[in-house]
Every structure is written in C-alpha cells, then in structure tokens.
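Below: one structure, written as structure tokens.
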Amino acid sequence: MYDTILVPIDGSDGANRAIEHGLELAERFDATLYSIFVVDTRLYGEPGLSSTELVIDEIEDTGHGYLKNLTERAENEGIEVETRSCHGVPHRQIIDYADEVDADAIVMGFQGKTHSEGNIGSVVERVLRDASRPVFAV
C-alpha cells in the first residue's frame with residue numbers, strides 16, 4: 001500500500017507526532033521514509049547579509065540535527081530513510097519533494113491539540129489543498 005512516505009519536519013510537537021506516525025507506517029509497510037527540512041525564505045530571505053547568513057546557518061544546523069536524529073532512529077528500527085534540507089517556500093518544497101520521490105503519502109503534524117480548534121497551520125493547509133497524493137495531518 002505504501003512504499004514511500006514523506007514526513008516534513010521542523011522540530012515542533014506536531015512534527016514529532018508526524019515522525020512517530022511516519023515511522024509506524026514505514027515499519028508496517030516496509031516503506032522507505034523520506035524527510036525534508038525547509039528553511040523558509042519568506043521569513044529569512046536568502047543568505048547575503050552577514051547577520052542574515054548567521055541566522056540561516058543556525059537554522060540549517062538545527063534542521064540537520066533534526067534530520068540526523070530521525071535518520072539514526074529510523075536506521076535503528078530497520079527503516080530505510082532519505083533526507084533533504086533546502087531553502088524555499090515550505091509547502092512548495094514539500095510538494096515538489098513528494099513528487100520527486102513519488103511519495104505514496106505525506107505525514108504532517110498540525111498545530112493545536114485537535115483539528116476542531118481550526119489551527120492546522122498554514123503549511124499543512126496548503127499541502128492538503130495542493131498535493132496530488134494523500135496527506136495525513138496528525
């Protein structure tokens with residue numbers, strides 16, 4: 001049913017829930033887990049100015065740490081994992097990467113405790129709206 005699962009991560013509680021769900025699905029279906037961390041260029045721009053570059057370097061380092069932790073955990077559980085860190089508009093990068101790896105599903109964490117609070121987050125909402133594949137908001 002699922003051969004490839006994409007889990008975008010950003011260090012949030014929602015992303016951590018998505019990691020748990022993505023790992024469970026990958027293990028259950030013997031799927032490859034893909035993960036992406038996106039530096040949002042709408043918030044920070046592209047590196048160029050020294051102070052901006054320092055902020056972006058710190059964000060990239062944090063993202064690489066998240067991806068490394070996920071990789072170690074997946075490999076310890078016998079799950080094949082591929083990761084990517086990039087710059088851009090998060091929902092576009094997520095959808096493009098899902099298309100590139102032909103993900104069978106995208107697993108994302110929403111903000112808030114329940115969907116009924118109406119706060120799933122703008123990135124999740126845009127991926128749900130624009131992706132051409134199933135999206136699980138957990």
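The values are calculated or read from the model by the stated rules, or taken from the named source; none is laboratory data. For clarity, every value in this text was computed on a predicted model and none was experimentally measured. With ideal geometry, Cβ positions are generated from the backbone for all residues, glycine too; neighbour counts draw on all protein chains shown. Just so you know, the surface numbers come from the protein's heavy atoms only, side chains and all, with ligands and any DNA or RNA stripped out. Shrake-Rupley method; radii C 1.70, N 1.55, O 1.52, S 1.80 Å.
Applying the Karplus parametrisation 6.51 cos²θ - 1.76 cosθ + 1.60 with θ = phi - 60° to the phi angles of the range 131-138, what ³J(HN,Hα) value in whole Hz is obtained for each residue in order, glycine and proline being reported as x?
6, 9, 9, x, 10, 9, 9, 10
Find me the longest stretch of the chain that has none of the exposed GluC sites (Glu not before Pro), where exposed means in a DSSP loop (not H, G, I, E or B) with at most 14 other Cβ atoms within 10 Å.
No qualifying site falls inside 1-76, the longest such stretch.
For a quick check: with amide H placed at 1.01 Å from N, whose amide H comes under 5 Å from SER85's, ignoring anything fewer than 5 positions away on the same chain?
Close amide H contacts, sequence-distant or interchain: PHE37.
Of all the C-alpha pairs in the chain, what % are more than 24 Å from each other?
Beyond 24 Å sits 27 percent of the P(r) for the chain.
Apply the a/c threshold of 1.5 to the C-alpha gyration tensor of the range 1-71 and tell me whether it is rounded, prolate or oblate.
Taking the square roots of the gyration eigenvalues as a ≥ b ≥ c, the range 1-71 is prolate.
For the chain, what does -39500 (n - 2.57) per DSSP helix run (n ≥ 4), summed and divided by total residues, give at 222 nm, in deg cm²/dmol to the nearest 500?
It lands at -16000 deg cm²/dmol.
Would you please give the residues with an amide H less than 5 Å from that of GLU80, counting only those at least 5 places away or on a separate chain, with H modeled from the backbone geometry?
Amide H to amide H, under 5 Å and 5 or more residues apart or across chains, GLU80 pairs with LEU33.
Working with all protein chains in place, sort SER132, SER12, SER35, SER51 by solvent-accessible area computed with a 1.4 Å probe, largest first.
Descending accessible area places them as SER132, SER51, SER12, SER35.
Through the Karplus equation 6.51 cos²θ - 1.76 cosθ + 1.60, θ set to phi - 60°, convert the phi angles of the range 100-105 into ³J(HN,Hα) values in whole Hz; use x for Gly and Pro.
In residue order, the calculated couplings are 4, 8, 6, 4, 6, 7 Hz.
Using a Gaussian network for the chain with springs between C-alpha atoms less than 10 Å apart, which of these wobbles most: GLY14, GLY65, GLY22?
Answer for the Gaussian network model of the chain: GLY65.
Which distance in nm do the two modelled labels at THR62 and GLU80 give, with both placed 7 Å along the Cα-to-Cβ direction?
My value for the distance between the label points is 3.3 nm.
Stretched out fully, how many nm does the piece from VAL89 to GLU72 gain, at 0.36 nm a residue minus the Cα gap?
3.4 nm
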